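**Q** Take a look at the following structure, please.
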Amino acid sequence: MVGHRMATTVLVGAQWGDEGKGKIIDVLTEQSDVVVRYQGGNNAGHTVEVGPEKYVLHLVPSGILYPGKLNIIGNGVVVDPLALLEEIDHLQKRGITVNGNLLVSDRAHLVLPYHRLLDALREKQKGKGKIGTTGRGIGPAYADKVGRTGIRVVDLMSPAQFAEKLRFKVRETNEIARTFGLKLLSFQNINEQYLEVARKLKRYVADTIKLLNRFERDGKEILLEGAQGAHLDIDFGTYPFVTSSNTTAGGACTGTGIPPHRINRVVGVMKAYTTRVGEGPFPTELHNDQGTQLRETGREFGATTGRPRRCGWFDAVATRYAVMVNGIDELAVTKMDVLDALPKIKVCVAYKLNGKVTDSMPADVELLNRCVPVYQEFDGWMTSTKDAREFDQLPKKARTYLQKLAQLSGSKLSIVSVGARREETMFL
Ligand code: IMP
């Protein structure tokens, strides 16, 4: 694996997000020239530990932590420019160079203050049926994009164009704000604030589509980093409890402008168990001490919102589906060490629904909520895996468990991670 040519690789989350993609991206970045984000926005939180330092990246691709890599925020991302500038500032204060190594697509859509307002309002209106969003305005920003009233980075670069589009959106949002008795937005204030933002953002803006295609033709190693996970995908996820973008491999094409046949490899990241933040179905969720133990041992708290993550056993029905829709050729299994102290470990191999065994995920979330996992039980290895650096150094029971996860998911095991640090990684 290490040293073999990657060409253009897509890395995706194969569960509900938080699979530990940040760490795997960081490891693969070493072999890449260019790292690209293709969907989502600052709802994502990729945690990367480098020596004693810990970084949480929201919009900036993880390649920023390596010198000499180019980082691109692709056209499929929704960019909150205030959050981006704040992130850049924060990185620079910590000694990370952000100068000539970060570009933002001129076609990317913006997340603006009214998107955050609408995100909060919709969640409140939904009451008990809320999605549990990150509150970053992601859904409303993508809704505007598809509804053709979005404002893009390219518009921000042209003050007259930005003002015209903003005026329309502020008027439209204020009608809603009035209906719900919310504070009205001021066109003047937002416009002025974003003129300043535009000035600061300008140096990062580029035609990233043309550039990426040129890099691809020149044989550069390109890593396309997905955010969230397959079951949060707007088409393939547990709709409506999903995020508003295509988190799966197809999104890497529409979100960067790299054509499908130019993508050579799809790496799927999955935890050795399952977690989910926010609401929505989660068949293998544990509501007992075992769930609490996974949360505490795995330090399962959201990187963006700090919310405790729901925890449960590995769900092979869900990961098999993710392998199928992404075309995952290689699996990276993370957080194996979290299971080190468990005497018994379960894996969901099928669901039982209305007395019948099924190996597929129903489209209807009400039905998925009623699915009861059929478990296969494994003996735990009951020893620390933290120091293993080669697959063969893992206890036999841990190897059996990993091979079973890969076999049940229908893909090939390629990377195993036993800790947050770069060196705590095995390549098969
Ligand atoms: P939104 O993306 O903020 O609209 O949130 C929609 C759903 O996706 C919620 O369940 C969030 O908790 C979830 N979500 C969004 N981003 C992430 C992420 O990076 N990791 C895990 N869950 C996420």
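**Q** Tell me, yes or no, whether the stretch 209-224 has at least one residue that is assigned to a helix (DSSP H, G or I), within 16 Å of the ligand (Cβ to nearest atom) and touching a residue at least 24 places away in the same chain (Cβ under 8 Å).
**A** Within the stretch 209-224 (the criterion being assigned to a helix (DSSP H, G or I), within 16 Å of the ligand (Cβ to nearest atom) and touching a residue at least 24 places away in the same chain (Cβ under 8 Å)), the answer is no, since none of the residues qualifies.
**Q** Shifting gears a bit: Ala406 passes all but one of (1) outside any helix (DSSP H, G or I); (2) at pLDDT 95 or above; (3) of a type in the set (Gly, Ala, Ser); which number fails?
**A** Answer for Ala406: the failing condition is (1).
**Q** Could we say that Glu216 is among the charged types (D, E, K, R), modelled with pLDDT of 95 or more and surrounded by fewer than 13 Cβ atoms within 10 Å (Cβ to Cβ) here? Can you show your working first?
**A** Working: among the charged types (D, E, K, R): yes; modelled with pLDDT of 95 or more: yes; surrounded by fewer than 13 Cβ atoms within 10 Å (Cβ to Cβ): no.
Here the answer is no, as Glu216 does not meet what is asked.
**Q** Of all residues in the stretch 95-129 being part of a helix (DSSP H, G or I) and among the acidic types (Asp, Glu), which is surrounded by the most Cβ atoms within 10 Å (Cβ to Cβ)? Before the answer, list the steps.
**A** First, the residues of the stretch 95-129 that are part of a helix (DSSP H, G or I): 113-129.
Subsequent filtering for residues that are among the acidic types (Asp, Glu) retains 119, 123.
Numbers: Asp119: 22, Glu123: 17.
This residue is Asp119.
**Q** Restricting to the stretch 209-243, give me the number of residues that are touching a His at 6+ places or on another chain (Cβ under 9 Å) and β-branched (Val, Ile, Thr).
**A** Selection size over the stretch 209-243: 2.
**Q** On to the next question. Taking the stretch 21-37 as the region of interest, how many residues are at pLDDT below 95 and assigned to a loop (DSSP other than H, G, I, E, B)?
**A** The number of residues fulfilling the criteria is 2.
**Q** Given Phe301, Phe282, which one is at pLDDT below 95, more than 10 Å from the ligand (Cβ to nearest atom) and assigned by TED's automatic domain parsing to the domain that holds Ser409?
**A** After ruling out the rest, the residue left standing is Phe301.
**Q** Shifting gears a bit: For Arg295, state whether it is more than 21 Å from Val372 (Cβ to Cβ), more than 17 Å from the chain's Cα centre (by Cα), basic (Lys, Arg) and assigned to a loop (DSSP other than H, G, I, E, B).
**A** no
**Q** Checking the condition touching a residue at least 24 places away in the same chain (Cβ under 8 Å), assigned to a strand (DSSP E or B) and either within 16 Å of the ligand (Cβ to nearest atom) or under 26 Å from the mean Cα position of the chain (by Cα) (or both), which residue from Ala332, Ala318 passes?
**A** One residue alone meets the criteria, Ala332.
**Q** Out of the residues in the stretch 245-274 meeting the condition of being buried (at least 22 other Cβ atoms within 10 Å of the Cβ) and hydroxyl-bearing (Ser, Thr, Tyr), tell me which one is farthest from the ligand (Cβ to nearest atom).
**A** Result: Thr256.
**Q** Considering only residues of the stretch 31-53 that are charged (D, E, K, R) and in contact with a Lys or Arg (Cβ under 6 Å, 6 or more places away or on another chain), which is nearest to the ligand (Cβ to nearest atom)? Working first, answer last.
**A** Within the stretch 31-53, the subset charged (D, E, K, R) is 33, 37, 49, 53.
Subsequent filtering for residues that are in contact with a Lys or Arg (Cβ under 6 Å, 6 or more places away or on another chain) retains 33, 49.
Details: Asp33: 25, Glu49: 17 Å.
Checking each candidate, the answer is Glu49.
**Q** Right, something else. Scanning for something touching an Asp or Glu at 6+ places or on another chain (Cβ under 6 Å), buried (at least 20 other Cβ atoms within 10 Å of the Cβ) and at pLDDT 95 or above, does the stretch 80-94 turn up at least one residue?
**A** No, the conditions are met nowhere in the stretch 80-94.
The values are calculated or read from the model by the stated rules, or taken from the named source; none is laboratory data. These numbers were taken from a predicted model, which means no experiment stands behind them. Reconstructed Cβ throughout: ideal geometry from the backbone, glycine too, with neighbour counts over all protein chains shown.
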